[in-house]
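S.K.: My structure is below; once you've seen it, I'll send some questions.
The values are calculated or read from the model by the stated rules, or taken from the named source; none is laboratory data. Since we're looking at a predicted model, the values are computed, not measured. Glycine gets a Cβ as well: all are built from the backbone with ideal geometry, and neighbour counts include every protein chain shown.
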Amino acid sequence: MRHRFLEPSILAGISDLELVAKTVVDGFISGLHRSPDFGFSQEFAEYRPYTIGDDLRYVDWNVFARTERAYLKRYRGETNTRVTILLDASASMGFHSHPVAKINYARYLAASLCHLALAQRDACGIIVFDDEVRHYVKPGSRQGQLARLLHAVDRAEPAARTDYAKPFFHFQQFHFRRGIALVISDFYAPPDTVIKCVAPLRFRGTEVILFHILDPEELHPKFREPVILIDMETRDSMEVAPDYTNNEYRAKIQAHMEELGSKARGAGIDYHVLDTSRPLDEALREYFLIRQGRF
């Protein structure tokens with residue numbers, strides 16, 4: 001029942017992006033149950049159930065208020081992790097077949113990751129891009145950083161075409177320390193192109209994670225009659241028959257995801273598909289459990 005508050009359509013009704021991020025992250029953390037760690041810097045913190053004799057100062061009372069279960073929040077010192085989010089705001093991200101467009105789901109994800117990174121005292125920054133770098137917030141953890149990050153996220157609007165080379169070149173010019181790069185995009189580009197742009201980040205020891213954002217209609221289209229589809233970035237059009245969407249298209253999108261995932265893993269890059277109809281905290285929890293090798 002808890003997920004009814006975290007459905008994308010419900011989150012869309014919350015105008016405060018910071019509140020969306022906090023709602024998602026709190027739901028994600030409380031949903032970890034007995035998992036001993038969360039987030040990016042496992043050496044930083046741990047959540048574990050309270051046992052008699054534990055110091056009450058470390059109980060997370062916010063989680064207790066929501067779940068009526070006591071969890072200890074333990075900090076093990078500062079980390080040097082630098083988390084940078086690269087958010088695709090190209091025109092194709094404006095697509096939606098239900099109330100939440102891909103760009104909004106991507107905003108919720110980006111805001112949640114910012115909140116999560118700063119909550120565990122990591123430096124966090126963001127690059128918003130299409131065919132240019134539109135907004136850049138340098139990674140930091142000082143007071144007011146979350147507001148700066150959320151301002152950039154909130155201003156991300158689908159506009160031009162995608163050029164993956166620009167943001168990753170920008171990243172390499174300003175990021176010289178090891179860290180984590182989180183790329184949020186619908187990845188409508190040849191997998192070779194995506195990996196060619198992203199892979200150089202690994203040479204500097206940066207961990208790279210690709211979040212592939214797709215609308216359910218892009219994954220499983222349900223056309224009952226011929227339609228004319230218009231490319232949101234090139235404005236090219238083509239007539240599509242139901243037989244094509246049910247057979248050839250589904251095979252192509254599946255092959256695209258499999259190739260992108262395979263090439264990403266081959267380059268030492270994490271790859272995770274997010275369906276915009278799924279509760280975001282559920283999707284995050286699934287990803288981090290996979291990341292921690294619990295599946």
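S.K.: Would you be able to tell me the number of residues in the stretch 60-94 that are in a helix (DSSP H, G or I), touching a strand residue (DSSP E or B) at 6+ places or on another chain (Cβ under 9 Å) and either outside the structural domain of TYR188 (by TED's automatic domain parsing) or modelled with pLDDT under 80 (or both)?
M.R.: Residues that pass the stated criteria total 2.
S.K.: Report yes if ALA165 is within 17 Å of the chain's Cα centre (by Cα), among the hydrophobic types (A, V, I, L, M, F, W, C) and outside the structural domain of ILE14 (by TED's automatic domain parsing), otherwise no.
M.R.: No, not satisfied.
S.K.: Which numbered condition trips up VAL153, out of (1) in contact with a helix residue (DSSP H, G or I) (Cβ under 8 Å, 6 or more places away or on another chain); (2) at pLDDT 90 or above; (3) more than 30 Å from ASP16 (Cα to Cα)?
M.R.: Condition (3) is where VAL153 drops out.
S.K.: Go through the stretch 190-231 and report how many residues are among the basic types (Lys, Arg) and at pLDDT 90 or above.
M.R.: Of the residues in that region, 1 qualify.
S.K.: Then there's this: Checking the conditions here, which among ALA147, ALA152 is of a type outside the set (D, E, K, R), farther than 23 Å from ASP270 by Cα and in contact with a strand residue (DSSP E or B) (Cβ under 7 Å, 6 or more places away or on another chain)?
M.R.: Only one candidate qualifies: ALA152.
S.K.: Checking the structure you have, find out if any residue of the stretch 171-190 is assigned by TED's automatic domain parsing to the domain that holds ASP88, surrounded by fewer than 19 Cβ atoms within 10 Å (Cβ to Cβ), touching a residue at least 12 places away in the same chain (Cβ under 8 Å) and assigned to a helix (DSSP H, G or I).
M.R.: yes
S.K.: Tell me which residues, restricted to the stretch 96-142, are touching a Lys or Arg at 6+ places or on another chain (Cβ under 8 Å) and either part of a loop (DSSP other than H, G, I, E, B) or in contact (Cβ under 8 Å) with a residue 60 or more places away in the chain (or both).
M.R.: Result: HIS96, HIS115, ASP122, ASP130, ASP131, GLU132, SER141.
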